[in-house]
Structure formats: C-alpha cells, structure tokens
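One structure is given below, encoded as structure tokens.
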Amino acid sequence: MSLALAALLGPFGAHRFYVGKHGTGALMLVTIGGLGIWYLYDIVTILGGSFRDASGRLVSRWEPEDAVANPSAPEALVEEVDALRSEVAELAERLDFAERLLAQPRGADPPSIPVRRS
C-alpha cells in the first residue's frame with residue numbers, strides 16, 4: 001500500500017503519513033517531495049525493501065514461501081548488481097572522456113608546426 005501511495009501521491013508525502021511519519025510527511029508536502037529528489041529516494045527505498053515506518057519496522061510485503069520457492073534469487077541479484085556496476089563504470093569512463101574533449105581549448109587557428117629553414 002505504501003508503494004501505491006508513494007507512486008501516486010509521493011510528492012505530497014502521503015506514504016509517510018500512512019506509515020506514521022507525520023513530521024517528514026508534512027515536510028514533503030511543503031517542499032513537494034524535496035523538489036522530487038526525496039520522492040524518488042523514497043520510491044527506491046520502498047522498492048528495495050528498506051523503507052521503515054515510524055516504529056522502525058521495515059515496510060514490505062515479504063512472504064517466507066516466496067523465498068523458499070525461489071532459491072536462485074540471491075544469485076540472480078548478485079549477477080544483476082555486477083552487471084549494473086560494470087555499466088556504471090563504463091558510463092563513468094564515457095563521461096570522463098567527454099569532459100576531457102570539452103575541456104580542450106577551441107581556437108580558430110590550428111596549432112602551428114614549426115618549419116625549419118635552411
């Protein structure tokens with residue numbers, strides 16, 4: 001339920017009011033989800049299963065039967081995290097390359113090559 005509230009009314013803090021975090025819910029309401037950043041953070045934490053209610057309990061719908069029925073989930077998760085890490089590393093290299101290209105001075109004249117006269 002908190003995921004549905006966060007997806008639909010997240011910028012207004014509805015999911016925080018739902019779990020009993022009235023202070024931060026009001027803050028989200030005033031700042032419109034921290035200009036969207038806080039809202040996105042909450043969506044990710046709810047999806048990741050690390051969002052907590054006012055009492056500190058995890059807010060998630062976890063069924064023990066699902067964990068037993070799918071024992072390969074941790075392996076698949078590790079593989080997915082490794083794939084994401086390699087993609088992020090590749091993107092960082094591309095960004096670095098683009099920054100170096102943009103940092104080069106742009107002149108109207110190409111660099112001159114000294115000519116030796118005899």
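We did not get these values from a lab; they are worked out from the coordinates using the rules stated. Just so you know, these numbers come straight off a predicted model, no measurement behind them. With ideal geometry, Cβ positions are generated from the backbone for all residues, glycine too; neighbour counts draw on all protein chains shown.
Assorted remarks:
- Cut-off 11 Å between beta-carbons: net charge of the residues surrounding residue 92, Lys and Arg +1, Asp and Glu -1: -3
- Look at 43, 37, 32 and count the other Cβ atoms within 10 Å of each Cβ; fewest to most, that gives 37, 32, 43.
- Note on residue 29 and residue 88: their simple-model spin labels are 3.5 nm apart, each label 7 Å out from Cα toward Cβ.
- Near residue 22: Cβ cut-off under 14 Å, other residues only, Lys/Arg at +1 and Asp/Glu at -1. The net charge is +1.
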